[in-house]
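Note sheet for the following structure.
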Amino acid sequence: MAAEITAGKTHVAPSGSHVHAPEVAGQIQHRGARGVVELRFDLVQARTTQLVRFPHRLSEPDYYTVAYPVMYLARRLDEMLLELFRKGYVKGTVALGTGNEAVAVGMAVPLRPGVDVVGLMHRDLAAHLLLGATPYRIFCQYMANAESPTHGAEGNVHHGDAASRRFPMMSHLGKMPSLVVGGVWAARRNGEDVFGLAVLGDGASSTGEFHEALNLASVRKTPVLFVIENNGYSFSTPTSLQYNCRFLADRATAYGIKGRCVDGADAYAVYTAVCDALESMHAQPEPMILECMTLRLHGHAAYDKGEYIPQELLEQWRQRDPVPSVRRRLRELCGYTEENIAALESAIEDQLQAALAAAMPVPRPNPRRYNWNVYAATPPRSVPPFKAQRVKNGDAVRLALEYLLQHNPRAFLMGLDVGVYGSAFKTCKGLIEKFGPERVLDMPVCESAQVGFALGASQLGAEPILEFQFADFSTEAVTQLGLNAGSWFTRTRCPAPLLIRLPCGGGIVLGAFHSGEFEGLWSRFPGLKLLYPATPQETFEALVAGFYDRNPCLVFEHKALYWSKSGSIDFDGRLDELWQARVHRPGDELTLVAFGAMVHEALEAAQHSGLSVEVINPLVLQPLDMSVILRSLEKTGRLLVVQESGATQGLGDRIISVAVQQSGARWRSRPRLLAAPDCPVPFAPELEAAYRPSSSTIEAVIRQMCEES
């Protein structure tokens, strides 16, 4: 099916068919939440022209008929936003797309809204308008009012429509393409004939994740068009200080794909190049690079006067301004009179004024009504029960993964060496043989792009399970996981169901870069959920609970427990009861809170002490539910928290702080935190053993606290 926007309505027509436009030509009609017609072009006596999407093409005259109204609209909308900013109505700043309209229109016209997956940039206002945005919604976004597309949660250029496959921008620009790669991969895996458009600038092309995403798309044969908008400057840094090759498109050769450079001020050349790329990717699915040598006729944003650009160069750019150039083409190639064009521009002005008039009285966001919840709701449900006897934590991981892949056809496992090798700790052994390479994916070494890929895939119905080979390697993805995935629901109101596995912890002599836990780091990002199990039962349940939750869930798997202690799994299938702290040993003299391998050290210490010590694993470290701990403190009046991380790196200090603030218990001893030294995990066995809290050191603190009054 080919989606086509004609001169009035959006139709879905069989490929090869033609949809006739109504009598009033050139309409692109949107209705906003307030019932206002956002955009309607009355071309008066001009010919009727379809806005044709892939696989059809427009002739050059017909393309100009379609392109000019949108280019003019985007230019005037930019100018109005700048004026509103100067008057104090627009918040933040305004990043103008003046000079980039030919690229924005040319790359967006062939794409199919709601079908193809796109990630646009701050100078692509015209592309947003062609792919579903409206002037009214844009005004609301820039004013940060009660009807902004991001609910007032994000900056003015960071809008999109994730539910319609138009992913929102983030300021870490190189992080955006990997989401498009994952989204396109997931849609095509589901049988859809989908393309991707990943837009970035010359500056963003220098970031590491641009290369990660490009390489990943090439390896996975994912048809994403990487459009580089090269306007000569990254903010104020010229391209001579940004890269040292002739064209950025030449980098395509290194990834075994095609690259092309085109004049970004030539509106029809950009459109033709994009159509050529889509046809090529349709015939042979793989990514491509299209570098558009475009223009930036203003500074980086409203606050930037662009004084670093030589005046002579700026004047040359103005002579190539694509908007007046396409206007001339309307007269020369399309038979428009000056009266026709003036009437068209007047109709656009009227529609912009109507949209602005509707947006201006919209009230400011009400903090009392704002949704401060950073988590998407997960409806209660039950899943098939599961039982197993005499398994260790590593077995529990493998059994949980097999369970999830078996019961969820859209689930897939990805990571380093998770395929034939079975992962570094063999927790994935045998899964690729059972479920195949399309559901168990060995990935390139690109941790950040892997998270972006998984996030994009989650928006297209796939259900990703991502293993970091070591928790230490997750630090490569702090921006992508902590900032992008963590804030996804807040910014888009779309869930981001990701299950992230983190083999962590010391005790097996691997040194500083393979022994960290990092639960303290990840707990600092709103929107993430953290689970840290200690037993086979908890491990199985944590992975199942994290998978079915509709938010990014990180499950910490302590490596030293993979093949040490055994236990049974008896899962009844009820998910809502899994998100609770676990009491491993009852007691009424002291409350001991631990997680991971420290749970077992704590249990041994409690037993040897001969005292009545209640040992609790919170299990869910974020959002932290203190209810079980607080009830225990009402009995004991003493709190000891044991963690393997350094004192300032873990969550023990937070647990103590919340307990002191919220507990009404009569404290019988000051709360204590027993943690590792604040230094990297040492390598030598003797040093590592001294670094990690042991049952004997825990027992000594237990005795000392119970002797205090």
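No value in this document is a laboratory result; all are computed from the given coordinates. Note that the coordinates shown come from a computational prediction; the quantities given were computed from them, not determined experimentally. We place every Cβ from the backbone using ideal geometry, glycine too, and count neighbours over all the protein chains shown.
In table form, for the structure just shown:
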| item | result |
| --- | --- |
| The chain, dipole about Cα centre (Lys/Arg Cβ +1, Asp/Glu Cβ -1), debye to the nearest 20 | 1160 |
| At R0 = 25 Å, FRET efficiency that the Cβ-Cβ distance of ALA269 and GLN319 yields, to 0.05 | 0.90 |
| Formal net charge of residues neighbouring PRO409 (Cβ-Cβ distance under 13 Å; K, R +1; D, E -1) | +1 |
| Residue (of LEU575, PRO409, PRO526) at the positive-pole extreme of the chain, dipole from beta-carbon charges | LEU575 |
| 3J(HN,Hα) from dihedral phi, the range 352-366, Karplus parametrisation 6.51/-1.76/1.60, rounded to Hz, x for glycine, proline | 5, 5, 5, 5, 5, 4, 6, 7, 4, x, 4, x, 6, x, 9 |
| Spherically averaged projected area of the range 609-709 from its Cα convex hull (nm²) | 6.9 |
| Exposure proxy ranking, count of Cβ atoms within 10 Å, fewest first, for HIS282, HIS600 | HIS282, HIS600 |
| Ranked list, fewest to most other Cβ atoms within 10 Å of each Cβ, for MET360, MET443 | MET360, MET443 |
| Under-5 Å amide H pairs with HIS584, H placed in peptide plane, nonlocal only | VAL615, ILE616, ASN617 |
| Neighbour-count order for ILE698, ILE432, ILE508, fewest beta carbons within 10 angstrom listed first | ILE508, ILE432, ILE698 |
| Cα pair distances of the range 428-498 binned at 5 Å [whole percent] | 3, 15, 24, 24, 17, 11, 4, 1 |
| Karplus-derived 3J(HN,Hα), 6.51/-1.76/1.60, for each residue of the range 614-620, Hz, glycine and proline x | 8, 9, 10, 9, x, 6, 9 |
| Isotropic mean projected area of the C-alpha convex hull, the range 2-359 (nm²) | 16.9 |
| Cα-derived Rg over Rh, computed across the range 510-556 with Rh taken as Kirkwood radius | 1.02 |
| Expected 222 nm ellipticity per residue - DSSP helices of 4 or more, -39500 (n - 2.57), all of the chain, to 500 | -10500 deg cm²/dmol |
| Simple spin-label estimate for ARG331 and SER612 in nanometres, 7 Å along Cα-Cβ | 9.5 |
| For the range 226-264 and the range 476-521, distance of Cα centres in Å | 32 |
| Over 31 Å [Cα-Cα, the range 386-571], rounded percent | 9 |
| Sequence-distant residues sharing a close amide H with GLU517 (under 5 Å, placed H) | GLY505 |
| Peptides 577-583, 203-209, 139-145 ordered by average Cβ neighbours within 10 Å, highest first | 139-145, 203-209, 577-583 |
| Local net charge near VAL227, Cβ-Cβ under 11 Å (Lys/Arg +1, Asp/Glu -1) | -2 |
| ³J(HN,Hα), Karplus 6.51/-1.76/1.60, whole Hz, each residue of the range 656-663, x for Gly, Pro | 5, 4, 5, 4, 5, 6, 9, 7 |
| Of every Cα-Cα pair in the chain, the percent that sits beyond 33 Å | 54 |
